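What follows is a set of notes on a single structure, which appears directly below.
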Amino acid sequence: ELHIWLAAIAFFLLVVRPLLNRSRVKNRPPGPTGLPFIGNLFQVGPKPHEAFCSLAKTYGPIMSLRMGSVNVVVASSPNIAQEIFQKNGHNFTDRPVPDSIACQKNMEGSLAWAPIDQLWRNRRRLCGTKMFSGRRLDLLQHARHRVVQKCIQRIREHCAAGTPVNIGLLASDTTLNFMTNTIFSVDVDDLNFESTGKFKDLIVMNLEAGGKPNISDFVPALKRFDLQGSRRKFQLSIDRLGHVFDELISKRSKSRAASTDRNGDFLDVMLDLCEEESSCFNLDNLKPLLVDLFVAGSDTSWISVEWAVAELLRNPETLQKARKEVLEVIGEGGEVKESDVEKLPYIQATVKEALRLHPPTPLLLPYLASNDVAIGGYTVQKGDQVLVNAWSIARDSKYWDKPLLFSPERFLGSAIDYKGRNFEYIPFGAGRRVCPGLPLANRMLYFMLASMLYSFDWKLPDGVSPCDMDMREDFRITLRKAVPLWALPVA
Ligand code: HEM
């Protein structure tokens, strides 16, 4: 008898209640009918950005679906995105926190997942003015120059041996090294402790556990079982990362106590802020912020470099134009500096075009509606998850001429930028929660690409021609290249 009762309760919770909730709001955006229990999960499948794009052709630029028992609203046009981010931004301030990520302690310290309140506003403002400011990033550029030299040296070795470079691997090592140098003034390889393993492996473990679609997020009743082990893996990565961060913080606190000399890196800024009276920073809430910076900043940036190089190799004329620019501007026997990027409009346009076709977070990060809100003539219900399909908007022929063509020229002399004001192009998001790391991402991407193109010409390995390149995508929260890109550097 107990079984029958349990089955009845489960049926009510998993099937009847979601249907009742769904019918509460009359003017819900249109969308495909889903199956009981799973809703539209199977229709959406492993590449939601593509599935949403094709469903939007039938249901329009604002549609609603049910993913398990979660109501999801998907925006697929610049106008709807603008309504969400600008006109109604105050109703879309919070995020649904994935089950794996919610296990973190001191979540109020997270920039990416904490709700917008006064604490969040203060911390976000201080991150903008004290860490991601032009002055601070200039101050730390010498370290990034060292990192690029190391990257170029590594390519030289491949060049001498005549072996191809795994571009994703090179870009990921270099990006993480940029980040550890900007945040802690140490090389990434110096963070491989015996007790925690390789720092890069911890970041990758964290990205996998937090980014992989997880059934617990669609069927909350299953949360307690952690069927995919995502929470367990995330917790493990957080514990180990926490250990590394504790070591670095304690070492730095000692050196700060012994001397007034400062590196001026992000850690110094954070510890300065912790020392201020009535500060919104303290030693407990630093770690979630550090995790955010590494997790939000690393694979987004390295994925972008890999896609940019892939597109250049697929479009050899564009590759030569980009090389010509950097060779002419820097001149023979020189070296690219981070500050040279301002003089390289074609390189800038190349990065922008790669971010248009391959936005690293194609659906941005999810939002939660805090009230019933009218958008595009429909009602988005309080508690709905809201996704903006930045990927499909940036490939829509209504807003882009020949949208699938890789053409940096479209950005030359164009005022369209990715700072969140042009809603047809929002790879960094928009509104109150637009990516705070954009100024650092900018510098890392342009600098790395310009240096790789200045020092080497690039060719595809023997037997691969541009039109045979495998450009398939692999969706997590981020959109990676499914098949690693190998390229031959030529001195
Ligand atoms: C948020 C993109 C690099 C830190 C975001 C969002 C996007 C994004 C789309 C969500 C915005 C929204 O919800 O509207 C990117 C891309 C990058 C990049 C494309 C590189 C190509 C970085 C870097 C850092 C960083 C280098 C820091 C070192 C963050 C943080 C958030 C965020 C902390 C959460 C902000 C919030 O929720 O309020 N990023 N990002 N990102 N990004 Fe980035």
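Once the other residues with Cβ under 13 Å from the Cβ of PHE218 are scored (Lys, Arg +1; Asp, Glu -1), what is the net sum?
For residues surrounding PHE218, the net value is +1.
Can you give the extra length, in nm with one decimal, that the chain gains between MET471 and LYS337 once fully stretched, where that is 0.36 nm per residue apart less the Cα-Cα distance?
Additional length available on full extension: 45.2 nm.
State the extension gain, in nm to one decimal, for the chain segment bounded by VAL434 and ARG154, taking 0.36 nm per residue of separation less the distance between their alpha-carbons.
Roughly 97.4 nm would be gained on extension.
Evaluate Rg over Rh across the range 379-488, taking Cα atoms for both radii and Kirkwood's formula for Rh.
Result: Rg/Rh = 1.00.
If eta is 1.567 mPa s and T is 4 °C, what Stokes-Einstein diffusion coefficient results for the chain, Kirkwood Rh from Cα pairs, in µm²/s?
This corresponds to a translational diffusion coefficient of 54 µm²/s.
In whole Å, largest first, what are the principal axis extents of the Cα atoms in the range 168-257?
Computed over the range 168-257, the largest-to-smallest principal extents equal 49, 33, 21 Å.
Which far-off residues, 5 or more places away or on another chain, put their amide H under 5 Å from the one on GLY197, with H placed in the peptide plane?
Sorted by chain and number, the residues that satisfy this come to none at all.
If you fit an axis through the alpha-carbon atoms of helix 438-455 and take the longest principal axis of the Cα set of the chain, what angle between them do you get, 0 to 90°, nearest 10?
It works out to around 40 degrees.
Mean 1/r over all different Cα pairs, inverted: what Kirkwood radius does the range 152-209 give, in Å?
That comes to 12.7 Å for the range 152-209.
Please give the FRET efficiency for LYS324 paired with ASN192, using the beta carbon to beta carbon distance and R0 = 41 Å, rounded to the nearest 0.05.
That gives a FRET efficiency of 0.55.
Can I get the semi-axes of the range 28-117's equivalent ellipsoid? Compute them from the C-alpha gyration tensor as square roots of 5 times the eigenvalues, in angstrom, largest first.
Equivalent ellipsoid semi-axes, largest first: 26, 19, 11 Å.
Pairing the Cα long axis of helix 266-275 with the longest principal axis of the chain, what angle in degrees results, from 0 to 90 and rounded to the nearest 10?
Value to nearest ten degrees: 60.
Please give the net charge around ARG95, taking every other residue with its beta carbon less than 14 angstrom from that of ARG95, where Lys and Arg add +1 and Asp and Glu add -1.
Charge balance in the 14 Å sphere: -4.
I'd like the Karplus ³J(HN,Hα) series for the range 417-428: coefficients 6.51, -1.76, 1.60, θ = phi - 60°, whole numbers in Hz, and an x wherever there's a Gly or Pro.
Values per residue, Gly and Pro as x: 9, 9, 8, x, 9, 9, 6, 7, 8, 10, x, 9 Hz.
Tell me the carbon and sulfur percent of the accessible area for the chain, rounded to whole percent, probe radius 1.4 Å.
55 percent
With axes computed from alpha carbons, what is the tilt in degrees of helix 2-11 against the longest principal axis of the chain, rounded to the nearest 10 within 0 to 90?
70 degrees
With a probe of 1.4 Å, find how much accessible area the chain has per residue, and write the answer as a whole number in Å².
Ligands and nucleic acids excluded, the result is 45 Å² per residue.
I want the local charge near ALA114. Using Cβ-Cβ distances under 10 Å, sum +1 for each Lys or Arg and -1 for each Asp or Glu among the other residues.
After counting each charged neighbour, the total is -1.
The values are calculated or read from the model by the stated rules, or taken from the named source; none is laboratory data. This is a predicted model, so every value here is computed, not measured. Positions of Cβ are generated from backbone atoms using ideal geometry, with glycine treated the same way; all protein chains shown enter the neighbour counts. Please note that ligands, DNA and RNA were not included when accessible areas were found on the heavy atoms of the full protein model with its side chains. Shrake-Rupley method; radii C 1.70, N 1.55, O 1.52, S 1.80 Å.
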